[in-house]
Amino acid sequence: MRVTVCGARGSTAAPGSAHVRYGGHTSCVALSHDGERPSLVLDAGTGIRRVTGLLGDHPFAGSIVLGHLHWDHTQGLPFFAAADRPDSRTDLYMPAQGDAEEVLRRVMSPPHFPITPAELRGTWRFLGLEPDTPCQIEGFTVLALEIPHKGGRTLGFRVSDATASVAYLSDHCPTALGPGPDGLGEYHDAAMTLARHCDLLIHDAQYLDEELPTRASFGHSSSGYAVRLAQQAGARRVLLYHHDPPRTDDDIDAVVASHAGDPVPVDGAVEGMVIDLRTAPAP
């Protein structure tokens with residue numbers, strides 16, 4: 001499995017010279033089977049524009065899975081050029097909550113945007129995704145579980161194939177379920193199930209641990225929670241994700257460095273980063 005980070009920023013895009021190395025595009029991760037073009041995209045923030053470049057001149061033929069419908073996870077949809085062409089095929093999944101196309105129209109239609117989802121070119125299907133039961137999407141096994149996040153139904157995902165597994169919890173507010181053992185939030189069943197023994201945990205790390213008391217109500221996690229979840233769940237590697245818009249490259253460097261002594265490897269998600277995963281043999 002190949003994992004390509006196309007957007008790593010949270011809440012809103014963050015262009016500018018202070019955000020060059022980690023990137024300013026919002027949430028989007030592209031997954032591909034070994035030796036193939038990306039066919040499964042997690043979230044459609046502004047970073048989805050980068051997926052077109054990964055496809056060369058080919059149309060997109062695959063699926064997009066949205067964890068929730070906030071702007072920073074949907075704004076890139078009409079700008080995904082490889083999917084907005086007559087010869088493309090896109091299945092768009094989102095947390096089930098009524099007619100999927102009609103729900104998407106609330107964030108993509110006049111007067112808020114010039115076109116509706118139905119006006120995208122190519123063949124599109126808009127589908128509601130129910131949690132708890134693994135399903136097959138583009139040759140990947142996808143498990144969706146509901147996780148706490150302010151402002152709408154939100155899903156976290158575990159995606160696996162014959163080679164590896166990735167857990168993706170881009171927006172996660174575990175303090176909504178209580179302070180947990182260390183004040184950073186509960187290590188609840190859904191989070192543990194998604195992250196358990198995964199090869200890569202991509203997790204919301206919008207805040208510093210010390211920022212959490214005043215910002216947890218915004219709906220996000222701290223970097224310390226992401227790392228401790230990985231440790232408790234036995235994840236092999238952590239990618240801190242959904243960087244706070246004001247967080248500069250140097251700031252993120254410092255966050256990553258603060259976890260250098262942790263038993264699980266920790267990196268900051270970098271726009272354009274490519275990770276080739278294969279499950280390590282059991283000891």
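The values are calculated or read from the model by the stated rules, or taken from the named source; none is laboratory data. Quick caveat, the model's predicted, so the values are computed rather than measured. Every residue, glycine as well, gets a Cβ built from its backbone with ideal geometry; the counts of neighbours run over all protein chains shown. Surface accessibility is based on the protein's heavy atoms, side chains included, excluding ligands, DNA and RNA. Shrake-Rupley method; radii C 1.70, N 1.55, O 1.52, S 1.80 Å.
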In segment 9-21, what residues are under 15 Å from the mean Cα position of the chain (by Cα) and within 12 Å of ASP249 (Cα to Cα)? ARG9
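Tell me, which strands (runs of 3 or more DSSP E) lie completely within segment 83-142 with 2 or more residues that are over 22 Å from GLU36 (Cα atoms)? Walk me through it before giving the result.
Details: elements: 89-95, 123-129, 135-137.
The qualifying strands (runs of 3 or more DSSP E) are 89-95, 123-129.
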Name the single residue, out of those in segment 227-283 being more than 20 Å from ALA13 (Cα to Cα) and assigned to a strand (DSSP E or B), that is most open to solvent (accessible area, probe 1.4 Å). ASP276
Mind listing whichever residues of segment 173-223 are surrounded by fewer than 23 Cβ atoms within 10 Å (Cβ to Cβ), touching a residue at least 60 places away in the same chain (Cβ under 8 Å) and acidic (Asp, Glu)? ASP199
Within segment 13-40, how many residues are assigned to a loop (DSSP other than H, G, I, E, B) and open to solvent by less than 30 Å² (accessible area, probe 1.4 Å)? 7
List every residue pair whose Cβ atoms sit under 7 Å apart, with the two residues 6 or more apart in sequence or on different chains, where the first one lies in segment 41-58 and is touching a residue at least 24 places away in the same chain (Cβ under 8 Å) and open to solvent by 10 Å² or more (accessible area, probe 1.4 Å) and the second, anywhere, is basic (Lys, Arg) and assigned to a loop (DSSP other than H, G, I, E, B). LEU54/ARG37; HIS58/ARG37
In segment 148-165, which residues are open to solvent by less than 10 Å² (accessible area, probe 1.4 Å) and under 21 Å from GLU186 (Cα atoms)? THR154, LEU155, GLY156, PHE157
